[in-house]
Each structure stands twice: as structure tokens, then as C-alpha cells.
Amino acid sequence: MSAPLRVLVLPAAPPGPPAADWGPFDFVPCTTLDAVGAGLREQPADAVLLALPDATEALRWPALSHAVLEAAVVVVGPATPMQAVQLLQLGVQDVLPPEVAPTALARALRLAVERKRLEQAARKAYATDLSTGLPHHTQLLEHMAHLLALREREPAPMALIVLRVDGLARTAAQLGAESANVLRRKAAVRLRAALRASDVVASIGGDAFAVLLAWIDAPQDGERVAAKLARSLAEPFNVAGRLQALGVSAGLASYPEHGKDADTLLRRALGQAAQAAVLGGGGLARRVDRSAGTAANDDEG
């Protein structure tokens, strides 16, 4: 039997018993839209089911942009054709009438989750940099452009961090190219482990990572996370039985303070990282030690 699909539900009780043929479902009750947003930030969900008295509530929901990135969102309630189209354009998977039968609702939920999974798999297939296993530069910009378009309607702070690393070429010279690749993927895994599931880590070159914090409470959170990630990468890595150190320089761009489009924010963060002091590196890293070599990603920490 497949694992139950985790569904955040508003109101607290799903409208009618779920149909077993389309489940199983693990319904998590939420009393308000704010509670739904908080639930998504705390733990990933397969779907969000919003049974609302008026579809405009979903259109006005500030956390909608975050919800559609993380889960298959299904709205149940009165909606005009224009409202339904607007919701679909914003990433909602389906809009159903309030009188929907339990079996039809269960079917719609299951298919919405499957469509979301296919969408995410297709996006990952064309958007992954094969040498790192992370989203590449183009996909990062596309993701940011989509999110920024939603932010124009739902203002909220977000931040882009660029982390440039020194030491890969030195490791390649000492231990070989494959060891440098191992060091790069260990750095990627360490970054991923230090972030929330909703944050995006991308490879934007042989010696740089980008981290998109799409959901932060205050602008200063970006500076705090950038410092934390830089300190994490500056800690030595065990590669081929030897400790290898990376030098790290971080740059930050905050929305909307430093720009309102993806290119501007990325240029700002890259420029800051290029000018910032290098942290760590065991005193050996130099800015000329930039490696254009390839890398890979695995589960090593």
C-alpha cells in the first residue's frame, strides 16, 4: 500500500469522507489560512485543500505563492470563470465547485498531486546541471522570475545569497580531479542540509552556489543565513582521508531593497561575493584559485 498523501485542509474537517480508491490520505486540519502557511513551512505536504466560501480569499492569500511551489493546491468554492483562470495562472492545480461529491473530490486531489509530481519531475529533468545534481543558472532565474511576479502582487521579503568557494583547484592538484568533485558535492550536501525544504540551492558555475530564500520573516534574516552558510562551508571536509578546507565569500541581494527582477538581484549578489573577504580556507585560499572544473552531488555530508 502506498504511503498516505499528506493534505493540509481548511476548514479543519474535509468536506465528506475520502474515497479509498483514490487515497490513502492523511488530512491535517487547519483552522485558518495562516495556519495552512505555517504548516507548509514546518513540514512538506503533498497537497493543500482549501474549501472557501469565496475564491477571492485564495487570491488574496499572501502565502499562495509559497503554497503552489511546495504542494498541489486545490480550491473548493464559488468562483467565476475569471477567478478560476486567475487561480490556475498563479499555480493552483484545480478549482472545484462547492457541491463537489466526496469521490470526485478525492479523485481531483489525487490527480492534482500526480500532476504536480510530473510537473516537478519534468522541470528537474531539463533544469538540472548534470555535473552537480543541482538546479542550474537558467532554472534559478526562471524560478526567481516566477516568484518575483507573485511578489509584485503579494509583497514579502526574500533574499538571494551567492557563495563563492576557493580551494577546488588546489584539491585537484593535490589529490586529483575526482577528489575535487567529491569536495564540491560534499559542499552542496552541507548547504542543502542547513536549509529548509522550501529554500533553493543552485549551481551557478564551477566555483559558486546560489541560495534562494523565498520565504523569510524579515530582511535581516538573509544576512543571518548567509553568515551561517559561509561558516558551515568554511569547516574542513574529509576527502580521501585528508582534511580539505574551502575559502568562502558570500554576497547577498534582498528583495525589494536591491532590485525587483532576477537578473538585477543575481548581479548584485555575485558582485558582493566577488568583493567580500574570504572566510576559512586554512589560510591557503586565494581568489585566483578559482576552479572551472565539474562536480557532482551525492549523499555524503
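The values are calculated or read from the model by the stated rules, or taken from the named source; none is laboratory data. Model, not experiment: these values are computed from the prediction. Neighbour counts are summed over all protein chains in view; Cβ atoms, including those assigned to glycine, are modelled from backbone coordinates with ideal geometry.
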Practice task
Scan segment 223-239 and give yes if some residue there is crowded, with 18+ Cβ neighbours inside 10 Å and more than 22 Å from GLN272 (Cα to Cα), otherwise no.
Solution key: yes
Practice task
Determine if segment 243-250 includes at least one residue that is in a helix (DSSP H, G or I) and in contact with a strand residue (DSSP E or B) (Cβ under 6 Å, 6 or more places away or on another chain).
Solution key: no
Problem - Selected residue (criterion: farthest from LYS116 (Cα to Cα)) from residues of segment 38-60 that are touching a residue at least 60 places away in the same chain (Cβ under 8 Å) and not basic (Lys, Arg) - result: LEU40
Exercise for the section: Exactly one condition in (1) exposed (fewer than 13 other Cβ atoms within 10 Å of the Cβ); (2) at pLDDT below 85 is not met by GLU142; state its number. Expected result: (1)
Completion exercise
Of the residues in segment 38-53, those that are farther than 11 Å from VAL9 by Cα and part of a helix (DSSP H, G or I) come to ALA38, LEU40, ARG41, GLU42
Handout entry: Candidate set: segment 70-103, residues that are touching a residue at least 24 places away in the same chain (Cβ under 8 Å), assigned to a helix (DSSP H, G or I) and in contact with a strand residue (DSSP E or B) (Cβ under 9 Å, 6 or more places away or on another chain); chosen: the one surrounded by the most Cβ atoms within 10 Å (Cβ to Cβ)
Key = LEU87
